[in-house]
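Asker: Just dropping this structure here.
The values are calculated or read from the model by the stated rules, or taken from the named source; none is laboratory data. Just so we're clear, the structure is a prediction, and the values are computed from it rather than from any experiment. Every residue, glycine among them, receives a Cβ derived from its backbone with ideal geometry; neighbour counts consider all protein chains shown. Quick note on the areas: whole protein, heavy atoms, side chains included, nothing else; ligands and nucleic acids left out. Shrake-Rupley method; radii C 1.70, N 1.55, O 1.52, S 1.80 Å.
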Amino acid sequence: MTYSIVQATDLTSMGVTLTPPSYVQGVDDTNIDLLARLIMQWQAKRARNKLKTDYWDGKHKLDHIGFSIPPALRKLEEVVGWPAKAVQAHAERCMFDGFVAKNDSDDPYGIQRTLVDNRFDIELPMAITSTMVHSCAFIAVTPGDIAAGEPEVLVMTKSAQWASGLWNWRTRALDAAFAVNDVDDYGRPVEMTLYTTDRTIRLRNTAAGWRLIDERSHGLNRVPVEPLVYRPTLDRPFGSSVISRAVMSITDDAVRTVLRSETSAEFYSAPQYLLLGADPDSFKDDDGKPIPVWEFIVGRINMLSKDEDGDVPKLEQISQQSVQPHIEQMRELACRFAGETNVPVSSLGVVTDNPSSAEAMHAAEKDLVIDCAAATRVFGAALRRVGQDIVMMRSDGPNEMDDELATLTARWRNPALPSVIDAGDAMVKLIDAFPWLADTTVALEEVGFTDEQITRLLAEKRRNQAMGSLDQLLNPKEVPDAQQGGPRQAGGGAEPDGGTRTDGSGQTVGQPQGAGGSDTA
C-alpha cells in the first residue's frame, strides 16, 4: 500500500517527533544535554502553539457542532476572525521608534545601520505579532558571515513554534536557547542552532546523523538570545497569549452561532408550505414518476386536481423563524470578546445606529492603550539587551558593558496614536509653561513625527540656519544704534565717532575689555 506525500509545516500534523541527538562529534556532553532539554521543552509546547496558530489563521475546526445543525450542513466551514483581530489590534500599536541613550539621543553607537542591514523595521513587527499569538518570540544576535553577504552582526527573530529557551530564575535571563533553521519536505528539522553563554553551535542532520557544521564564539558571556514576552508573571516568565482559553471558547461559540444563522437562512430561503386535500397523482409526471419538489416550486404553471370528495386543496404557509436571535447572540459574544481582549466592540463588526463620538472612541480604546503601553515596557527591556549585544558584538564596539552603554533605551511611539492636531495642541500648552521644550527633539516626538521625519526636519533647520548666516555675512545690514541714534554696521564694534559706549550691563562696547578708558553713557 502506498501513501501520498503531504507537505507539512508542523510535525504535529503527521505525528512525528524529533529525537534529540545523543552524540555529535565536536560537541561536548554538556551542550548535548542542554540541547536535549531544549528539544523536549519545545516539543511539549508545540501542540498548544499549533492550536493558537490555527485560531489565529481561522483554521481551527469545531469538535462539537450541536444537534441543531443538519448533517448536510455540518461540513460547512465558517470562520470568525476575532482572534486575528485581537492580535493585530495589540501588535499594530506597539511601534518601535529606535534607540536612545543618556548622552546621545540621535542613533547612539550607530545601531541604526545594523538594524537597517537586518531589515529590523520589518522583522520586529512580525516578532511582536508572533509574541501576541504564542506569548513569546525570540531575538538572536550573532556574528554574521560577511564573506557570505551577511551583515557584520546578524539579528534574527524566531517564532515560539520553532524555538525555545531555558529560563534562569536567578539571573532573569536564558541559560540556553535553541532554534530550528530549516526543515525538509515533511516538516522535520534538518538544521538547528544551539545558543549558549559563550558560543553558537550549528548542527545539520545527514544520512549519518547529526553533525557539527559551524561553531563560533560571540564573547558576550551571556546567551545572545532575548525572549520577547507578552504579559509575563512570576509563575509564567514566558508570558501569556492574547489568544487565551476564554478567547478560544468565545470564538467557538461565535462559530456555532454563525452556523445556526446560516442554517436558518437556508430554511428561510426555501419557504415551507402545507398542502391539505391534494391528490397524490398531481405530483407525478406522465410516466408516473414523482416530480422533484424543487421543480414543482419553481414551475410557472402548476395544476392541482380536486380530491376524491371534490374538495379543492388548501395551501398553508408555515411561518419562518427569524435570524434576529442569532444576531443578538453574536452581539453578546462580541461584548464578551471585547471584555477579554480590550478590543473595542466596534472593531469586531458590531455597529450601532448612532455613530460614536470622538470621546466615546477614546474611552473604548483606553484599556487597549494601557495594555499596549505595558507591553512596550516589557518589550523595551528585551530590546535594550538586543541593542547592547549588537554594540558589543561589532568589531568597533566595547568588549564589555560600560556606563554609557547601560543607559541604552528603546523608544516607542505613543500607543494611543493621537492625531497631529491633538498632540500639537497639547505640546503648545506645554511649551507655554516650559519654553525650553521647543528646542528639544522630544517635542517633535510627542507631536507624532517619526524618527525619519525628525531627522529631515532638523537637517532642513540646520541648512536654513547656515544659509541665513552666510547671507548675513555677505550682505550686512545697517541697524539703528539705540545709544547715538545714528546708523551703524551690523557686527561693527566701534561707534561712528570712534569713541566707545557701554551696553545695558555696563560692559564697554567698541574696544577690547581692559584697554584704555571708557566713555560712560
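Asker: Kindly indicate whether any position in segment 86-98 is basic (Lys, Arg) and closer than 24 Å to VAL369 by Cβ.
Answerer: Here is the first cut: in segment 86-98, the ones basic (Lys, Arg) are 93.
Now narrow it down to the ones that are closer than 24 Å to VAL369 by Cβ: 93.
Looking for residues that are basic (Lys, Arg) and closer than 24 Å to VAL369 by Cβ, one finds at least one in segment 86-98, hence yes.
Asker: Hey, among ARG384, ARG411, which residue is at pLDDT 85 or above, in contact with a strand residue (DSSP E or B) (Cβ under 7 Å, 6 or more places away or on another chain) and not in a helix (DSSP H, G or I)?
Answerer: Values: ARG384 fails: not in a helix (DSSP H, G or I).
Unique residue meeting the criteria: ARG411.
Asker: Please verify whether segment 239-253 includes one or more residues that are more than 23 Å from VAL133 (Cα to Cα) and not small (Gly, Ala, Ser).
Answerer: Looking only at segment 239-253, we keep the residues that are more than 23 Å from VAL133 (Cα to Cα), and these are none.
Looking through segment 239-253, none of the residues is more than 23 Å from VAL133 (Cα to Cα) and not small (Gly, Ala, Ser).
Asker: When the residues of segment 419-434 are narrowed to those that are modelled with pLDDT of 70 or more and under 19 Å from LEU458 (Cβ atoms), which ends up least open to solvent (accessible area, probe 1.4 Å)?
Answerer: Looking at residues that are modelled with pLDDT of 70 or more and under 19 Å from LEU458 (Cβ atoms), I get MET427.
Asker: Moving on. Scan segment 212-255 for residues that are among the charged types (D, E, K, R) and either open to solvent by less than 50 Å² (accessible area, probe 1.4 Å) or in contact with a Phe, Trp or Tyr (Cβ under 8 Å, 6 or more places away or on another chain) (or both) and jot them down.
Answerer: ASP214, ARG222, GLU226, ASP252, ASP253
Residues checked against (1) part of a helix (DSSP H, G or I); (2) touching a Lys or Arg at 6+ places or on another chain (Cβ under 9 Å); (3) at pLDDT 95 or above:
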site: ASP104; (1), (2), (3): no, no, no
site: GLY110; (1), (2), (3): yes, yes, no
site: ARG113; (1), (2), (3): yes, no, no
site: GLU123; (1), (2), (3): yes, no, yes
site: ALA127; (1), (2), (3): yes, yes, yes
site: THR131; (1), (2), (3): yes, no, yes
site: PHE138; (1), (2), (3): no, yes, yes
site: THR142; (1), (2), (3): no, yes, no
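Asker: Kindly provide the set of residues from segment 195-211 that are open to solvent by less than 40 Å² (accessible area, probe 1.4 Å), closer than 16 Å to LEU154 by Cβ and in contact with a helix residue (DSSP H, G or I) (Cβ under 9 Å, 6 or more places away or on another chain), ordered by number. Let's see the steps before the verdict.
Answerer: Initially, segment 195-211 is screened for residues open to solvent by less than 40 Å² (accessible area, probe 1.4 Å), giving 195-196, 200-201, 203, 209-210.
Narrowing the set further to residues that are closer than 16 Å to LEU154 by Cβ leaves 195, 200-201.
Correct list: ILE201 only.
Asker: Quick check on my filter: what residues within segment 142-156 are closer than 18 Å to LEU38 by Cβ and open to solvent by less than 40 Å² (accessible area, probe 1.4 Å)? Talk me through it step by step, then tell me what you get.
Answerer: First pass over segment 142-156, keeping only residues closer than 18 Å to LEU38 by Cβ: 142, 156.
The answer is THR142, and nothing else.
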